[in-house]
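Colleague: Dropping the structure in here first, questions after.
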Amino acid sequence: MKSFRILMVAVLCMVTMAASALAADYPTKPITIMTAFNPGGGSDVSHRLLEKYARGIFDEPLVITYKPGAGGEIGWTTLALSKPDGYTVGGVDLPHIVLQPMLRRKGQPGYKTEDLLPLCGLVYDANVAMVRADSQWKTLADLVAYAKANPGKVRVASVGKFSGDHLFLMQIEKATGAKFAQVPYAGSGKAIPALVTGEVDAYFGSGSSFLRMENTRGLAVATEERYELCPDVPTFKEQGYNIISMKFRGLAVPRKVPANVLNYLESHFATVCGNREYMDAVKNSGLMPAFSTGKEFADIIAREKSQAEQLLKEFNIIN
């Protein structure tokens, strides 16, 4: 029995040493950046810029893959279950990743927010209430008045139930007293054409989507002050509604990724995000660069979770 225990200890030591050696050699193959939405959306744009500007900084290339569906939940569940070896990094969006686990029915499978280990924050994206340029509603006041007189008649696109867009819509309903009909899509790459073609009447979504669209009017932006990237769009506050809403996009990995791999990833992404050309490209894409460390990003996640819980309780969606 003693000899067996000695043998088992030796085997465990060999496995640990082998794992450490593999981590020390990291990376030895391309690193996958998984996007939880369809190509063409704000998340995809953000990841494509990382892929481009990481060349020459990372020792191996970044490769973009897509796992869209259910407002990002399919991709984030896949990420949580991925092998924790540092070769699968997922883009995560706030408040999506705190909303979905809160609102999921008991017993329904899916990831938990805590299953996603924050790696770093990348950008933020102010939310905008937008309509087509030829819309009958010229101002936010016009839209709100019509929606209050016709509850549930105004069709509003979002990137899925229990997503950041959904929370934004709830904030608008709470502040204005209007009621809208949410029409969920699998990412802004699908929601944008829906507004452009008139399939929906409005889109309460990302500023990056608004800035990429033509023949669209921004009725209000959900920032404290005028937003640098679309300064002609008035804020909700200017129009009498205390609505602040934005999405934070960052990166996460599965739990139990080795510490030295985490350090490699965070430090190299920090170098990419500190590149002036990268930051200018981010702004040109309609996003605001806002790098944060894994710890700082974890604090942002905790704050967004607290705010989302409060709003959902006010809507009697959770207890």
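Colleague: Condition first: crowded, with 24+ Cβ neighbours inside 10 Å, assigned to a helix (DSSP H, G or I) and β-branched (V, I, T). Can you find one or more residues in segment 83-97 that meet it? Before you say what the answer is, go through the steps one by one.
Modeller: Here is the first cut: in segment 83-97, the residues crowded, with 24+ Cβ neighbours inside 10 Å are 89-97.
Checking which are assigned to a helix (DSSP H, G or I) leaves us with 96-97.
When the remaining residues are screened for being β-branched (V, I, T), the result is 97.
Yes, the conditions are met somewhere in segment 83-97.
Colleague: Just for segment 262-319: of the residues that are in a loop (DSSP other than H, G, I, E, B) and among the small types (G, A, S), which one is nearest to D165 (Cα to Cα)? Step through it out loud before you land on a result.
Modeller: Start the filter on segment 262-319 by keeping residues that are in a loop (DSSP other than H, G, I, E, B), which leaves 274-275, 285-287, 293, 315-319.
Keeping just the survivors that are among the small types (G, A, S) gives 274, 285-286.
Working: G274: 29, S285: 19, G286: 17 Å.
If we take residues in segment 262-319 being in a loop (DSSP other than H, G, I, E, B) and among the small types (G, A, S), then G286 is nearest to D165 (Cα to Cα).
Colleague: State all residues of segment 102-140 that are open to solvent by less than 20 Å² (accessible area, probe 1.4 Å), in a loop (DSSP other than H, G, I, E, B) and not hydrophobic (A, V, I, L, M, F, W, C); if no residue qualifies, say none. Walk me through it before giving the result.
Modeller: If we filter segment 102-140 for residues that are open to solvent by less than 20 Å² (accessible area, probe 1.4 Å), which is where we start, we get 111, 113, 116, 119-123, 125-131, 135, 137, 140.
Those still in the list that are in a loop (DSSP other than H, G, I, E, B) too: 111, 135, 137.
Matches in segment 102-140: Y111, S135.
Colleague: What about Y111, is it modelled with pLDDT of 85 or more and closer than 26 Å to Q310 by Cα? Don't jump to the end; show me each part of the working.
Modeller: Values: modelled with pLDDT of 85 or more: yes; closer than 26 Å to Q310 by Cα: yes.
Yes.
Colleague: Let me ask something additional. Do we find that G152 is within 23 Å of C230 (Cα to Cα) and not hydrophobic (A, V, I, L, M, F, W, C) in this structure? Even if it seems obvious, please write down each step before you answer.
Modeller: Details: within 23 Å of C230 (Cα to Cα): no; not hydrophobic (A, V, I, L, M, F, W, C): yes.
For G152, the condition - within 23 Å of C230 (Cα to Cα) and not hydrophobic (A, V, I, L, M, F, W, C) - is not met.
Colleague: Sticking with this structure for a sec: For segment 144-238, which helices (runs of 4 or more DSSP H) that fit wholly inside it have 1 or more residues that are among the hydroxyl-bearing types (S, T, Y) and more than 24 Å from S43 (Cβ to Cβ)?
Modeller: Working: elements: 164-176, 188-196, 207-212.
The qualifying helices (runs of 4 or more DSSP H) are 164-176.
Colleague: Listed residues A70, A54, A24; which is of a type in the set (G, A, S), more than 17 Å from R249 (Cα to Cα) and at pLDDT below 80?
Modeller: A24
Colleague: Okay, next question. Between a first residue in segment 199-214 that is of a type in the set (D, E) and a second residue that is buried (at least 21 other Cβ atoms within 10 Å of the Cβ), which pairs have beta carbons less than 9 Å apart while being 6 or more apart in sequence or on different chains?
Modeller: E199/A157; D201/V131; D201/L143; D201/V156; D201/A157; D201/F180; D201/L195
Colleague: List the residue pairs whose Cβ atoms are under 6 Å apart, where the first residue sits in segment 297-314 and is over 14 Å from Q171 (Cα atoms), the second is hydrophobic (A, V, I, L, M, F, W, C) and open to solvent by 20 Å² or more (accessible area, probe 1.4 Å), and the two are 6 or more positions apart or on different chains.
Modeller: I300/F248
Colleague: Take segment 263-276 and flag every residue that is in contact with a helix residue (DSSP H, G or I) (Cβ under 7 Å, 6 or more places away or on another chain) and open to solvent by 20 Å² or more (accessible area, probe 1.4 Å).
Modeller: So the first thing to find is which residues in segment 263-276 are in contact with a helix residue (DSSP H, G or I) (Cβ under 7 Å, 6 or more places away or on another chain), and the list is 266, 272, 275.
Within segment 263-276, E266, N275 qualify.
Colleague: Could I ask something else about it? Got at least one residue in segment 39-53 being crowded, with 22+ Cβ neighbours inside 10 Å and assigned to a loop (DSSP other than H, G, I, E, B)?
Modeller: yes
The values are calculated or read from the model by the stated rules, or taken from the named source; none is laboratory data. Given the structure is predicted, the values throughout are model-derived calculations rather than measurements. In this analysis, Cβ positions are derived from the backbone assuming ideal geometry, glycine residues included, and neighbour counts consider all displayed protein chains. With ligands, DNA and RNA removed, areas are computed over all heavy atoms of the protein, side chains included. Shrake-Rupley method; radii C 1.70, N 1.55, O 1.52, S 1.80 Å.
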